[in-house]
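Asker: This is the structure I want to talk about, given as structure tokens.
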Amino acid sequence: MSDLRPGQSIFTRGAVDLGALAARTQQAPAATSAASTTTPAGPGNGGNGGFPGAPAGGGHVVDVTEANVQDEVLQKSMTTPVVVAFLAPGYPEVDQLADALAQFNAADGGSWVLARVNAQADPRLAAMFRVQSVPTVYAVVGGQPIDAFAGPVPPAQLRQWLDAVLRAGGVDVAVPEDPRLEEADEALIMGNLDEAEKAYRKILSDSPKDAAAEAGLAQVVLAKRVAGVDPQAAVAAADAAPDDMAAQLQAADVEVLAGQAEQAYQRLVNLVRRVYGDDRETVRQHLVSLFAVAGPDDPAVAAARRALASALF
């Protein structure tokens with residue numbers, strides 16, 4: 001393994017049997033002890049193994065050898081996700097990844113352990129993990145590898161990978177706000193409807209299933225429909241003419257914007273029961289567009305959907 005070079009090999013999930021690895025390290029204490037003496041700046045001596053970033057210590061960053069892999073990786077992973085990074089100091093792309101891992105580990109405040117291995121100084125351990133190139137990074141949760149990648153990755157991609165590992169390990173991960181969504185929401189709040197619509201549609205072109213952008217776009221469409229409408233007059237007109245479909249649709253719109261969504265949903269469900277053919281489909285589609293404003297997880301939407309299904313069938 002001493003001729004390891006940076007590479008792009010991708011490893012299969014679960015390719016390493018860590019149970020067998022533990023047995024092997026237990027059966028060869030002399031070999032592991034010898035291996036531990038060859039790793040510079042290893043665990044317990046306050047060094048950082050020649051890697052960029054924080055020195056080992058505090059339990060959140062550890063330098064691992066064949067001698068301590070069972071305690072520092074296998075045992076710790078039973079309670080905390082462990083990221084095992086096989087590195088080789090001196091390669092710029094390897095050093096960049098090592099530094100990024102150390103920075104993310106510090107930012108996450110101990111929610112996962114960074115276990116660094118000098119793959120060139122500890123080739124037996126690299127072989128046990130089937131490492132073929134550096135850098136190679138494994139995620140170990142509950143004593144088993146759950147994912148791995150090889151080769152340098154951009155910081156944003158690394159952050160996403162770490163978040164997925166943390167979630168797999170039962171750690172709550174805050175979902176960062178999309179700055180594009182914040183800008184679109186701000187435009188909507190300020191009444192810049194055309195700008196907001198353009199921003200929401202751009203998000204949806206990149207991420208068609210973005211629920212927040214879908215709800216935002218639905219709000220824009222709704223706001224444009226009721227622009228210039230007198231809310232009180234619209235509701236009064238609809239109450240006075242229960243079979244006037246246009247009046248009912250407009251009243252439902254202003255009720256949703258006034259925070260009376262359940263009343264609006266009931267109004268249109270009742271209308272569905274009284275109309276047929278194309279008119280029924282028009283009302284149904286209008287009601288569904290109002291559901292999109294609240295989002296699919298809203299309890300009122302779930303109840304209204306059941307009521308609509310009952311009215312239709």
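The values are calculated or read from the model by the stated rules, or taken from the named source; none is laboratory data. All of these numbers come straight from a predicted model, not from anything done at the bench. Glycine also receives a Cβ, built like all others from the backbone with ideal geometry; neighbour counts cover every protein chain displayed. The protein model used for the area step is the full one, side chains on, heavy atoms only, and it has no ligands, DNA or RNA in it. Shrake-Rupley method; radii C 1.70, N 1.55, O 1.52, S 1.80 Å.
Asker: Check the stretch 124-145 and report whether any residue there is modelled with pLDDT under 95, charged (D, E, K, R) and more than 27 Å from residue 170 (Cβ to Cβ).
Answerer: Yes: the stretch 124-145 contains one or more residues that are modelled with pLDDT under 95, charged (D, E, K, R) and more than 27 Å from residue 170 (Cβ to Cβ).
Asker: Please find, within the stretch 85-133, the residue that is nearest to the chain's Cα centre (by Cα) out of those that are open to solvent by 40 Å² or more (accessible area, probe 1.4 Å) and among the basic types (Lys, Arg).
Answerer: 130
Asker: Here are some residues: 253, 239, 243. Which one is over 25 Å from the mean Cα position of the chain (by Cα) and in a loop (DSSP other than H, G, I, E, B)?
Answerer: Every option except 243 fails the conditions.
Asker: Here is a follow-up. Has the stretch 222-232 got at least one residue that is at pLDDT below 90, assigned to a helix (DSSP H, G or I) and surrounded by 13 or more Cβ atoms within 10 Å (Cβ to Cβ)?
Answerer: no
Asker: Another question about this same structure. Any residue in the stretch 70-84 that's open to solvent by 40 Å² or more (accessible area, probe 1.4 Å): show its pairings with residues that are assigned to a helix (DSSP H, G or I) and among the aliphatic types (A, V, I, L, M) at Cβ separation under 6 Å, as long as the two are six or more apart or on different chains.
Answerer: Matching pairs, first to second residue: 70/22.
Asker: For the stretch 297-313, which positions are charged (D, E, K, R) and either over 19 Å from residue 215 (Cα atoms) or surrounded by 13 or more Cβ atoms within 10 Å (Cβ to Cβ) (or both)?
Answerer: The answer is 298, 305, 306.
Asker: While we're looking at this one, here's another question. Find the residue count for the stretch 259-279, including only residues that are open to solvent by 60 Å² or more (accessible area, probe 1.4 Å) and of a type in the set (Phe, Trp, Tyr).
Answerer: Residues in the stretch 259-279 being open to solvent by 60 Å² or more (accessible area, probe 1.4 Å) and of a type in the set (Phe, Trp, Tyr): 1 in total.
Asker: Let me ask another. Only residues that are free of Cβ contacts under 8 Å to residues at least 24 places away in the same chain and of a type in the set (S, T, N, Q): list them for the stretch 127-160, please.
Answerer: 157, 160
Conditions (1) over 16 Å from residue 308 (Cα atoms); (2) at pLDDT 95 or above; (3) not small (Gly, Ala, Ser), marked per residue:
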site	(1), (2), (3)
234	yes, yes, no
243	yes, no, yes
247	yes, yes, no
250	yes, yes, yes
264	no, yes, no
272	no, yes, yes
287	no, yes, yes
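Asker: Can you pull out every residue in the stretch 115-146 that is under 12 Å from residue 86 (Cβ atoms) and either touching a Cys at 6+ places or on another chain (Cβ under 8 Å) or aliphatic (A, V, I, L, M) (or both)?
Answerer: Those that are under 12 Å from residue 86 (Cβ atoms) and either touching a Cys at 6+ places or on another chain (Cβ under 8 Å) or aliphatic (A, V, I, L, M) (or both): 115, 117, 119, 121, 125, 126, 127, 128, 131, 134, 137.
Asker: Continuing with the same structure: Looking only at residues that are under 18 Å from residue 82 (Cα atoms) and not in a helix (DSSP H, G or I) in the stretch 150-171, which one is most open to solvent (accessible area, probe 1.4 Å)?
Answerer: This residue is 170.
Asker: Out of curiosity, is residue 249 hydrophobic (A, V, I, L, M, F, W, C) and touching a helix residue (DSSP H, G or I) at 6+ places or on another chain (Cβ under 9 Å)?
Answerer: It is true that residue 249 is hydrophobic (A, V, I, L, M, F, W, C) and touching a helix residue (DSSP H, G or I) at 6+ places or on another chain (Cβ under 9 Å).
Asker: Let me ask another. Could you tell me how many of the residues in the stretch 276-313 are more than 20 Å from residue 217 (Cα to Cα) and not in a helix (DSSP H, G or I)?
Answerer: Here the count works out to 2.
Asker: Kindly indicate whether any position in the stretch 105-126 is assigned to a helix (DSSP H, G or I) and closer than 30 Å to residue 218 by Cβ.
Answerer: Looking through the stretch 105-126, none of the residues is assigned to a helix (DSSP H, G or I) and closer than 30 Å to residue 218 by Cβ.
Asker: Further question on the same structure: If I ask for residues that are part of a helix (DSSP H, G or I) and without any contact (Cβ under 8 Å) to a residue 60 or more places away in the chain, which ones from the stretch 85-104 would you list?
Answerer: Within the stretch 85-104, 92, 95, 96, 98, 99, 100, 101, 102, 103, 104 qualify.
Asker: Here is a follow-up. Please tell me if residue 294 is more than 18 Å from residue 231 (Cα to Cα), modelled with pLDDT under 95 and open to solvent by 30 Å² or more (accessible area, probe 1.4 Å).
Answerer: Answer is yes for this residue.
Asker: Those residues that are among the aliphatic types (A, V, I, L, M), in a helix (DSSP H, G or I) and either closer than 23 Å to residue 159 by Cβ or open to solvent by 100 Å² or more (accessible area, probe 1.4 Å) (or both), I need them from the stretch 185-210; list them, please.
Answerer: Once the filter is applied, which keeps residues that are among the aliphatic types (A, V, I, L, M), in a helix (DSSP H, G or I) and either closer than 23 Å to residue 159 by Cβ or open to solvent by 100 Å² or more (accessible area, probe 1.4 Å) (or both), the stretch 185-210 yields 189, 203.
Asker: Can you name the residue in the stretch 199-214 that is touching a residue at least 12 places away in the same chain (Cβ under 8 Å) and small (Gly, Ala, Ser) and is also nearest to residue 186 (Cα to Cα) among such residues?
Answerer: 199
Asker: For the condition β-branched (Val, Ile, Thr), more than 14 Å from residue 161 (Cβ to Cβ) and at pLDDT below 95, what is the one hit in 94, 113, 117?
Answerer: 94
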